[in-house]
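Read through the structure below, which is laid out as C-alpha cells, and then see the notes.
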Amino acid sequence: MSIPEVFFRETIDVNRFSNAVSNKLVENYIQVITNATEELKKIDIRQQTAGAGVVIAPQTRKRLRAIIAQSKAGMDKWSKGATKQMIKEIEGLAEVQVGFIENELKKVVRSGQVPINSVAVSQRYATSFVKTDPTQINIFTSKQFTEDDFIKFGAGKFELTARQGAMMTLPNGETVEKAFRGIATRNQALLARNIRAGVFSGESTQQIARRLAGRVDFNFVGNARQTALAGGDAIKLASHQIQTIVRTSVNQVQNQASQSVYAANSKVSPRYEYVATLDSRTSPICQRLDGQKFEYNRGPTPPQHFNCRSTTVPVVDFNKLQKKYPNLEKPPATALDTRPSITGRVPQGTQYGDWLLDADRTLQVKTLGSEGKVRIFKKLAKKEGSGHAALRKMIRNDGTEVPLEKLQELYGKAAVAAQAVETIPAVVAKTPTSITSPTMTTEGVDNWLANNKLGDIQTFLEDSLDSVEKLGGLTATNVKKMRTFMKKGKIVNQFNMQNEKTASLEKLGERFLKGKNLKAFAASNDTVVKRFDFINNKLEAKKISANTRDWQELWNGKGTMRVGSHKDLFKDCIESLNRGGSIINQPISFKRKVDNYLFRNATGGTHGYTIFNSAMVHTRLKTNARKIGNIAARNIRASVKETLETNFKFSNFKGTRYERYRQGVEQGIREVWSNSAPLDGDMDWFVTFVHEMGHQIHYQSGAASLGQQFRKLGGMTYPTEYSRKNALEQFTESFVQYVFNPEGLQERAPRLYKWVDETLEQSLKNL
C-alpha cells in the first residue's frame with residue numbers, strides 16, 4: 001500500500017507545533033535571565049583595593065546576593081512552569097494524534113465493513129510521560145498489548161495508559177521534568193558564578209550582563225534558534241537544550257500515540273514502516289532503518305536519538321483483509337505516489353540510500369563525511385545493486401558508522417582509485433550515438449561543466465531526455481514525438497549560466513558561428529524561413545481560425561514583432577553564411593538584431609525563452625543543476641502531477657480573479673504559478689526546456705489558440721496560473737503536462753490534451 005500524502009504533511013505540522021512550544025518556553029526562560037541582568041546593570045560597583053584583595057561595599061554585596069537568590073527562584077519557577085506547560089501540550093498532542101491516525105485508517109480501508117478500534121488517552125498519560133521515572137514502576141505490566149492480546153484477555157478498551165507514558169524517557173534516560181530542572185540548576189549556578197567572577201576580576205556590571213544575555217533583551221523577537229545565536233553564556237546553550245527536549249518529546253508522543261492505534265488495529269495493519277527524513281542531517285541509525293518494516297513490539301521506533309525527526313506509518317495487509325471482507329476495495333497501485341526530500345519529491349519506494357545515490361556529489365560528501373566514503377558508497381551500490389544495500393554495509397546495527405579505514409580494508413582501498421580520478425575526468429565526455437538536436441553553450445556553461453566534471457552538454461541533455469523516456473507509457477510516446485520534432489525542425493538548444501552576462505556579438509560569433517555550430521545555425525534558419533512562408537500562406541488563405549487574435553497581432557505586426565523583418569533577418573543570415581561571409585561583418589543595426597533575437601542569454605528572472613519566430617531555445621542553468629536521472633525524472637513527474645491536481649481543485653472556483661483567490665484562501669488552496677515553480681533549481685531547468693520546446697511546436701503549427709476548440713470534451717482550461725497570461729503560455733504549460741503527466745491531463749483536461757496532441761501532429765506534418 002502506498003502511504004497517504006497526509007502522513008508526510010502531518011509530520012511537518014507536528015514539527016511546527018514543537019517549534020511553537022519550544023519558542024514559548026525559551027521566551028519564558030529569557031525573561032528570567034533578562035530580569036536578573038537588568039537588575040545587575042543598575043548596580044554601580046565601588047571597589048577599593050586593600051592589599052591583594054578587592055573590597056566591595058556591604059550594601060552592594062547584599063544587592064548582588066539578592067539578584068542571585070532571585071534568579072534561583074526565577075529558575076525554579078520557570079522549571080515548574082515549563083513542566084506544567086509540557087503536560088498540557090502533550091495531553092493535547094496525544095489526543096489529536098490518536099484521532100488523526102484512527103481517521104486515516106478508516107479512510108485507507110474505505111469500508112464500514114472493517115471496524116477500526118478507537119484508543120482512549122488516559123488522563124494521567126501526559127503527566128506520567130513528563131514526570132514519572134520508569135525505574136519506579138513494574139516493567140512487566142507496562143506491555144503495550146496488540147489487538148490479539150485484548151481479545152485473549154477480554155480487555156474492555158484500548159488505551160494509551162499512564163504506564164505506557166512512564167515507559168518513555170529522553171534518550172539519556174531522564175524524564176522531561178528532570179531535564180528542565182537540570183537546565184534551571186546548571187544555569188542558575190552559571191549566572192551566580194559569572195557575577196562573582198566578573199565582580200572580583202574588575203568587570204563592570206554592564207559587561208557582566210552583556211556576557212550573560214548577549215544581544216537578547218526585553219524587546220528581542222525571534223525563534224528558539226535565533227535566540228540561541230543572539231544569546232550570551234546564560235542563554236545560548238540553554239535555548240538549544242530546551243528546543244532539543246521539546247522536539248524529542250513531541251516526536252516520542254507522536255510516534256507512541258500512532259503506534260498505540262496501529263497495535264490496536266493489528267488485524268488491519270500487522271506491521272509498521274520506519275520513515276526517515278531524506279536530507280543530509282538525518283542520523284546514520286535512521287538512514288539505515290528507513291523503509292524497513294517491523295511487527296509491533298518487535299522493532300525500533302523513533303526517536304532513536306535527541307532531535308530525531310523520523311516517524312512510522314502503517315502497512316495495511318489488503319490481501320489478508322479481503323479474505324474476511326471480500327467487498328473491501330483495494331486502492332490501485334501507482335508509481336506516482338511520492339515522499340518529500342530536500343532535493344524534491346521522490347517515489348515512495350525510494351529508501352534513504354537509493355535517494356542519496358541519485359543526489360549530487362556535494363550532498364553525498366556532506367552526508368557521508370568524505371570523498372573517500374562517497375567512492376566506497378558508489379562502488380558498493382554497483383556491487384549490491386542498490387544504494388540502500390550499500391549504505392547498510394557502511395552503518396552498523398547500532399547506528400554507528402564504519403570508519404573509512406575499515407571500509408577500505410573490507411571493500412578495497414579507495415586511495416588507489418582516488419589517484420586515478422585525479423588524472424582522468426570523473427565523467428568522460430562522449431558523443432551520444434543519436435543526437436536529437438544540436439546544443440550550444442556559453443563560456444560560463446563550459447567552465448561549469450569542466451569544474452563539476454559533468455562531461456559535455458550534448459550528453460547532459462540527451463541522457464536527461466532518455467531518463468524521461470524511460471518512464472514509459474504515454475510519457476515515452478509523447479517524449480519520442482517531441483524529440484522527432486526537435487530533430488526534423490533542426491532546433492538549436494543554447495544553454496547559459498544563471499547571472500551570466502551577455503557577451504559581445506563578436507565573442508558570441510566566435511563561439512557559435514563556426515564548425516558544427518555554424519552548420520546547425522544555418523539549418524535552423526532555413527527551417528524558420530520555410531515556417532514563415534507556410535504561415536503567410538495560411539494567413540492569406542484565411543485558414544487560421546478567428547480566435548487567434550493575440551497571435552495574429554504579433555505575427556502581422558504589433559510593435560517591432562513583424563514577420564517581414566524577421567524573415568529578412570534570417571534570410572540575410574543564411575545568404576551571408578552561404579557566401580562564406582561572417583555575420584560579424586554585417587552593419588551594426590543588423591548585428592544588434594542578431595544579438596537580441598538569437599544569442600541573448602536567459603538572465604535575471606527568466607528561466608528560459610525562445611523568440612517566437614526562431615528555431616532556437618535558450619535555457620538557463622543554475623550552479624546546482626544536475627543531469628536528470630531515473631529518480632529525478634520520476635520526481636519531476638510527481639511534481640507536475642501534483643501541480644495539476646492542485647490547480648484542478650482551484651479550477652472549481654468561479655467568479656473574478658479576486659473572488660477565485662478568496663475562495664482558495666478559505667479552503668487552503670492556492671493556484672500553482674507554473675509547472676516548474678515547485679521544483680528546486682537542480683531540476684527546474686529541464687521543465688523550462690520542455691516548456692520552451694512547446695513554444696517551438698506551437699509556432700510551427702501556426703499557433704492557433706484553444707478558443708472554443710474541443711469544448712465538448714470538457715475539463716479545465718488552465719493547468720497553471722501562468723497559463724492564463726495568453727494562448728501561447730496556455731499551450732506550453734499544457735505541453736509540459738502532456739509530456740510528464742499525460743494520463744492526468746487526459747483525465748482532468750481532455751480538451752487541453754486533444755489540443756496539444758493535434759498541434760504536435762500538425763507541426764510534424766508541416767516540417
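We did not get these values from a lab; they are worked out from the coordinates using the rules stated. All values derive from a computational prediction rather than experimental measurement. Heads up, the Cβs are rebuilt from the backbone with ideal geometry, glycines too, and the neighbour counts pull from every protein chain shown.
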Checklist entry - Amide H to amide H, which residues 5 or more places from Thr338 or on other chains are under 5 Å from it, using H placed in the peptide plane? => result Gln348
Checklist outcome for this item: Going from the fewest other Cβ atoms within 10 Å to the most, one would list Ile697, Ile87 as Ile87, Ile697
Checklist outcome for this item: Amide H neighbours of Ala120 at under 5 Å, excluding residues fewer than 5 places away on the same chain, with H built from the backbone geometry, are Phe158, Glu159, Leu160
Checklist outcome for this item: For segment 681-767 (alpha-carbon point model, no solvent) the Debye-based log₁₀ I(q)/I(0) at q = 0.11, 0.13, 0.21, 0.24 Å⁻¹ works out to -0.26, -0.37, -0.97, -1.25
Item to check | Additional length obtainable on full extension of the chain from Leu764 to Lys41, 0.36 nm per residue less Cα span | outcome: 252.2 nm
Checklist entry - Between Arg361 and Lys293, how many nm apart are label points set 7 Å from Cα along the C-beta direction? => result 3.8 nm
Checklist entry - Which entries in the list Lys480/Lys649; Lys490/Lys765; Lys712/Lys765; Lys62/Lys236; Lys366/Lys453; Lys41/Lys178 go over 22 Å, if you measure between the two C-alpha atoms of each? => result Lys480/Lys649; Lys712/Lys765; Lys62/Lys236; Lys41/Lys178
Checklist entry - Do any GluC sites (Glu not before Pro) in segment 257-354 lie in a loop, going by DSSP, with at most 12 other beta-carbon atoms within 10 Å of their beta carbon, and if so which? => result Glu329
Checklist entry - Got a sec? How would Asp13, Asp682 order by Cβ neighbour count within 10 Å, fewest to most? => result Asp13, Asp682
Next on the checklist: As an exercise, identify the chymotrypsin sites (Phe, Trp or Tyr not before Pro) in segment 268-355 lying in DSSP coil whose Cβ has no more than 16 other Cβ atoms within 10 Å.
Outcome noted: Phe306
Item to check | Sparse-neighbour loop sites [trypsin sites (Lys or Arg not before Pro); segment 263-370; at most 11 other C-beta within 10 Å; DSSP] | outcome: Arg281, Arg298
Item to check | nm² value of the averaged projected area, convex hull over the Cα atoms of segment 244-335 | outcome: 7.0 nm²
